[in-house]
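Engineer: Please find one structure pasted underneath; my questions will follow.
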Amino acid sequence: MEKTKPNVIVVGGYRCGTTYFANFIRQHPEVYVNEKKEINFFGKHIYTQVYTRCNPIFQRGFYYYLDFFKPKNNEKIIMDVSPFTALDLTSANDIKKYLPNVKIIFLIREKEFQRKSVYNHLLGSGNLRNVSYEEYKKQYPNYYYGYSDYNKMVSPFIKEFGNNNVLKIPIEELRDNDPQVVERLLNFLNIKPFNFHQKGITLEDNKTTLKASYKLFKRINRILSMFSLWLGLKYYTLIYRNGLKHGGENENTNKTTTTN
């Protein structure tokens, strides 16, 4: 059975409202967005906030990636929303190799809001500690400027797929239901007009949620560490007691043998 392939990929930008966009566009009956947002398959490396590592999803292969797409209603658009993709400038070439006819969407956001969103995300995830925004700009210029260099990130996709197959969307204008932006999006996807709503979807940062999640993770990790320590002590206590027991038995056996 042939697996479903995405025909549209939202490759970025990072902290530019991809979660909002996914919730917005999946309202349309002709659009399927995979349930696991941010697969980030394409690109041999993943550039995270503080380090670069080999992409484990890419290493598992293309067919593993396709398993994430399970449309239910024969939707016309099969969409992957993976904002880390554009951070690897080689990812456009990888996409062209596996999905030569795919369309690309790149979200852009007012730069200062995007930069503050990245900073808040770093704080919330625990990758930055006790660093003010002004200090962050000086100490991490690659993140401050690099993550908002939209032209640099989108240019490899335009080179590989052409201007007609790459759409840049200002996310604030989409949030405001700008009719021209919505029409441009629908025309690009070649889907029928639709009355989108904004109820229950926001463009707000999830700094508070991230901080709460990080604290919960630390608490769980601390509990697991304590449990592991307790389990280890129980194990060694059991071994020690068994050793004493068997040692005593051996001693009694030796005494009996000597008496005989």
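Each reported figure results from applying straightforward, stated rules to the coordinates on display, with no laboratory input. All figures in this text were calculated on a predicted structure; none of them were measured in a lab. Every residue, glycine among them, receives a Cβ derived from its backbone with ideal geometry; neighbour counts consider all protein chains shown.
Engineer: Tell me which residues come under 5 Å, amide H to amide H, from residue 10 once H is placed; ignore anything under 5 positions away on its chain.
Structural biologist: For residue 10, the qualifying residues are 80, 81, 82, 105.
Engineer: Related question: What ranking do 130-139, 113-122 get when scored by the average of other Cβ atoms within 10 Å per residue, highest first?
Structural biologist: Top to bottom by mean Cβ count within 10 Å: 113-122, 130-139.
Engineer: Order the peptides 167-180, 143-156 from the highest to the lowest mean number of other Cβ atoms within 10 Å of their residues.
Structural biologist: Ranking, from highest mean packing down: 143-156, 167-180.
Engineer: Taking the Cβ-Cβ separation of residue 63 and residue 133 as r and a Förster radius of 35 Å, what is the calculated FRET efficiency to the nearest 0.05?
Structural biologist: 0.20
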